[in-house]
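Remarks on the structure that follows.
The values are calculated or read from the model by the stated rules, or taken from the named source; none is laboratory data. All figures in this text were calculated on a predicted structure; none of them were measured in a lab. All Cβ positions, even for glycine, are placed from backbone atoms using ideal geometry, and neighbour counts span all protein chains on display. Remember, those area values only see protein heavy atoms, side chains included, never the ligands or the DNA or RNA. Shrake-Rupley method; radii C 1.70, N 1.55, O 1.52, S 1.80 Å.
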Amino acid sequence: MRILVWHVHGGWMEAFVRGRHEYLLPVEPDGGPWGLGRGGREWPAAAKEIDLATIDPDSVDAVVLQRPEEIAAVARTLGRKPGADLPAVYLEHNTPKGDVPFTLHPMADQHSIPVVHVTHFNRLFWDTGSAPSVVIEHGIPDPGHLYTGEREEMGVVVNEPVRRGRVTGTDLLPGFAGIGPLRVFGMGTEALPQALNLKNHGLSEERLRIAGDVPPAGMHQELARCRVYLHPLRWTSLGLALLEAMHLGMPVLALDTTEAARAIPPGAGMVSNNPEELYAFARRLLDDPEEAHAVGLMAREAALERYGLGKFLEAWDGLLADLVADSGMEPRGGRAQESGHPHHGTDHRPQPGTVPVSHEKERTHP
């Protein structure tokens, strides 16, 4: 099957493009949210960068939508309307924003495009009305059991922690820094030392160690050297970095919010909304490498069982096959990518006066 999908959430795409299909990723010279393509990532050859202005519309079998604006963009460029002339699903990565739990989903109350949520929590809290909806939980390409825990530190992965503030639990970091050193990975983390100002909390600046934005393979190696993984996020769908840390074999600590309790079973770490409980358990693991290692093994076992790549890809294969079968269309498979259809010169990006890209500021969750 040939599936059109924009590179919006790199962590999720790391898993999706490892299936048995062809994945058509729009690319533009200036990149950006409408043309990132592969984004320089080392993905399988089946993840193909395409020029949406010249692709053969009939060669696309299905589209995975991730922003409301993509519906009009696909119809305008391909001349095929998602949900009518082209099998489509709408993938919702995020927790709802705004008047939770009354937030109405942009795809609510329509019946031609099913909504796919990445967690059961999200499905429960988004109001999708009568729209069909399903849950396909995250899948993680297994980085391997890399955990050593040799550093008496807590590893944290968070993107833009200063801008996102309480959403990512940034205000909680000084309390954990009082228990032990933090090594923080992610985009925008270089602004953390000034924002947190640990000296005002009576702590040495050495308690905050900024690793920055490290490519995935290198981050996995470095993160696995930390003894404990800390997930202080208050309101995020389910941080993929948390699931990656569990795959690495790290013991994990998390707030008991959104989907964390489902992801972290008893014995794999601690889930609590009481910071003092988390502090005590963090200190216990920092002081006991053997216990930390044993807890991390349970975390890895749980992550492989629930968030394994094979289970994820199988669920998506089933959904996509059903979509195409229900549409009565035959998959085109190996049809040519490009042709000179006269309507292809249309710019597929949002036109002046249309709604800007939705949810973009919160698509940076780890």
- Scope the range 115-134; condition open to solvent by 20 Å² or more (accessible area, probe 1.4 Å) and part of a loop (DSSP other than H, G, I, E, B); matching residues: Gly129, Ser130, Pro132
- Residues Ala282, Ala211, Ala217, Ala224: which one is out of contact with any His (no Cβ under 7 Å at 6 or more places or on another chain) and at pLDDT below 95? Ala217
- Query: Which of the strands (runs of 3 or more DSSP E) contained wholly in the range 191-273 include at least 1 residues that are in contact (Cβ under 8 Å) with a residue 12 or more places away in the chain and over 22 Å from Phe121 (Cα atoms)?
  - Reply: 208-212, 226-231
- Message: Given the criterion buried (at least 22 other Cβ atoms within 10 Å of the Cβ) and farther than 22 Å from Glu137 by Cβ, identify the matching residue among Leu78, Leu65.
- Response: Leu78
- Residues that are β-branched (Val, Ile, Thr) and either free of Cβ contacts under 8 Å to residues at least 12 places away in the same chain or farther than 27 Å from Leu285 by Cα (or both), drawn from the range 117-152: Val118, Thr119, Thr128, Val134, Val135, Ile136
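Any residue in the range 44-57 that is without any contact (Cβ under 8 Å) to a residue 40 or more places away in the chain, closer than 18 Å to Thr77 by Cβ, in contact with a strand residue (DSSP E or B) (Cβ under 8 Å, 6 or more places away or on another chain) and not polar (S, T, N, Q)? Break it down stepwise before answering.
Looking only at the range 44-57, we keep the residues that are without any contact (Cβ under 8 Å) to a residue 40 or more places away in the chain, and these are 44-47, 49.
Going one step further and asking which of them are closer than 18 Å to Thr77 by Cβ, we end up with 49.
In the following step, the residues that additionally are in contact with a strand residue (DSSP E or B) (Cβ under 8 Å, 6 or more places away or on another chain) were identified as 49.
Retained after the next criterion (residues that are not polar (S, T, N, Q)): 49.
Yes, the conditions are met somewhere in the range 44-57.
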- Of the conditions (1) assigned to a helix (DSSP H, G or I); (2) under 19 Å from the mean Cα position of the chain (by Cα), Glu277 clears all except one; give me its number. (2)
- Which residue pairs have Cβ atoms under 8 Å apart, sit 6 or more places apart or on different chains, and have a first residue in the range 13-35 that is more than 17 Å from Ile3 (Cβ to Cβ) and a second that is of a type in the set (Phe, Trp, Tyr) and open to solvent by less than 10 Å² (accessible area, probe 1.4 Å)? Pro33/Trp6; Trp34/Trp6
- Filter the range 145-167 down to the residues that are within 19 Å of the chain's Cα centre (by Cα), open to solvent by less than 40 Å² (accessible area, probe 1.4 Å) and of a type outside the set (A, V, I, L, M, F, W, C), then identify the one that is farthest from Leu182 (Cα to Cα). Arg164
- Message: Of the conditions (1) at pLDDT 95 or above; (2) surrounded by fewer than 19 Cβ atoms within 10 Å (Cβ to Cβ), Gly31 satisfies every one except a single condition; which number is it?
- Response: (1)
- Message: Looking only at the range 174-189, how many residues end up being touching a residue at least 60 places away in the same chain (Cβ under 8 Å), more than 16 Å from Leu253 (Cβ to Cβ) and open to solvent by 10 Å² or more (accessible area, probe 1.4 Å)?
- Response: 1
- All conditions in (1) open to solvent by less than 20 Å² (accessible area, probe 1.4 Å); (2) among the small types (Gly, Ala, Ser); (3) in contact with a Lys or Arg (Cβ under 8 Å, 6 or more places away or on another chain) are true of Ala15 except (3)
- Query: Quick one: would you say Thr54 is over 23 Å from the mean Cα position of the chain (by Cα), β-branched (Val, Ile, Thr) and either open to solvent by 10 Å² or more (accessible area, probe 1.4 Å) or under 21 Å from Ile136 (Cα atoms) (or both)?
  - Reply: yes
- Looking at this structure, is Val295 part of a helix (DSSP H, G or I), open to solvent by less than 50 Å² (accessible area, probe 1.4 Å) and either modelled with pLDDT under 95 or of a type in the set (Gly, Ala, Ser) (or both)? no
- Just name the residue that is least open to solvent (accessible area, probe 1.4 Å) out of those in the range 205-226 that are touching a Phe, Trp or Tyr at 6+ places or on another chain (Cβ under 9 Å) and more than 24 Å from Val295 (Cβ to Cβ). Gly212
